[in-house]
Each structure stands twice: as structure tokens, then as C-alpha cells.
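The values are calculated or read from the model by the stated rules, or taken from the named source; none is laboratory data. Quick caveat, the model's predicted, so the values are computed rather than measured. With ideal geometry, Cβ positions are generated from the backbone for all residues, glycine too; neighbour counts draw on all protein chains shown. Heavy atoms of the whole protein, side chains included, go into the accessibility calculation; ligands, DNA and RNA do not. Shrake-Rupley method; radii C 1.70, N 1.55, O 1.52, S 1.80 Å.
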Amino acid sequence: MSDLGEVVFLPRLMQALHAAAPHVRLEVMQLGAKEIQPALDSGAIDLAFGYLVEVTETKRSRLLHETAYVVLVRAGHPLSGRKASATTLGQIEFALIRTHADTARLLQQLGLQDNIRLTIPHFMVIPSILTLTDLAVLLPIRVAQTFLRLGGYEMLKPALRSPAFDVCVHWGWRVENDPGNRWLRELAIGLFQ
């Protein structure tokens, strides 16, 4: 899982694992895009969660179909409550997460690349940055909803054409019939599909 996947999947997955199999241990790791397929093929990892366009030779099940990106700001941001018009968005300064290239493309599509004030490698620090600054972040709606549940944030929905993408759970063909792998992936599919 990427850090983005951890935000969306890991809390509910751990809750379900604790209830169904409290002694199971889960190790989450982040691999480079080109490392995932070989790791699944060799059995080094059991499952891979995410929007993984480089992973093509696996079994997979779609968990989420993401279609919208939104702008997340702290509650009380100077532009809170305003319509996410081109004028409003032009007044916002952004943090950009380097590992999620679609957001960079969308900011460029909106003509907002000059409004990027911070580029970081991961999503996990975003809540702290938004809380303490007037920066905003463009991110998939499902992640924004996760942060909204924490409280202290607002979502602006810009009128933009964002690419749809499927977030899947992937597994290697060698473990297709492995009972433990099947149990874990069916648990994940049941939780998130």
C-alpha cells in the first residue's frame, strides 16, 4: 500500500482483522511501481492495493472506482465556504504530492501550476500542513472524505474534468487458491468493494 492506500484501507482492514483473527500479523510495505509485479509473482508480498497501472499480469478485483478530485483546505481557511470557481481556485496556494501525478496534471490543466508552494513525497503529512497553513491540496474525493472525518477540514469541489481510475487489490496467480491469501483478499474485497 502507498501512504494514500494506508489512509483509505488500513484502519478498517485492521478493525476487521482484529475482530475476525486477532492474532494475525499484517506487515505493510511500500514498493516502487516496478517492484510490485515481481514481488507478487515471487510471493514476497501477498496482496497489493492501489491504482497500479504498471501491475498488469495479476489477478485483481476492483475495490473503488474514483471519479472526482476535490480541493481540501482547513476549516476557517480564508476561502472556506466559497464556490470553487476558477477565480477562487486562482487565489489558493497548493501543496502537491509528488507520488500522485494526476494531481499535478489537473493543477496544470486548471492553470494553477504557479500556485504550487510545496511539493512533498507523501500524503500523510498533509493534515498537519493544512491545519497550520492556508495551503490546499487537490486529492481524490475518497481520501478527502477520510480527512474530513478527522474534523477541521473543508472540501471545495472544483468544476474540472478529472480522470476516472480504478483502485484494485492485486494478487499473484500462484496464490490464487491459497486458503490464507483467499481469506485475506476476500475480507478486503468485502470491506471495500
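Between Ala16 and Lys157, the contour length at 0.36 nm per residue exceeds the alpha carbon distance by 47.6 nm.
Per residue of the chain, the DSSP helices (runs of n ≥ 4 H) give a summed -39500 (n - 2.57) that works out to -11500 deg cm²/dmol at 222 nm. Would you work out the charge dipole size for the chain about its Cα centre, treating the Cβ of every Lys and Arg as +1 and the Cβ of every Asp and Glu as -1, and quote it to the nearest 20 debye? It works out to roughly 520 debye. Annotation: for a label point projected 7 angstrom from Cα along Cα→Cβ of Ile120, residues of region 59-98 with backbone N closer than 11 Å are 95-98.
With all protein chains in place and ligands, DNA and RNA left out, the 1.4 Å accessible area ranks Tyr51, Tyr153, Tyr69 as Tyr51, Tyr153, Tyr69, largest first. Here the gap between Asp102 and Asn177, fully extended at 0.36 nm per residue and compared with their Cα-Cα distance, gives a gain of 23.5 nm.
Taking the Cα atoms only, what angle lies between the long axis of helix 33-42 and the longest principal axis of the chain, rounded to 10 degrees? Computed tilt is about 10 degrees. Taking the C-alpha atoms only, the angle from helix 141-150 to the longest principal axis of the chain is near 80 degrees. What the chain shows is 54 Å² of accessible area per residue, with the surface traced by a 1.4 Å probe over protein heavy atoms. For Val53, the solvent-accessible surface with a 1.4 Å probe is about 80 Å², rounded to the nearest 10.
Distances between placed amide hydrogens fall under 5 Å for Tyr153 paired with Ala75, all partners being 5 or more residues away or on another chain.
Need the C-alpha centroid separation for region 67-93 versus region 112-169, integer Å. Centre-to-centre (Cα) distance: 11 Å.
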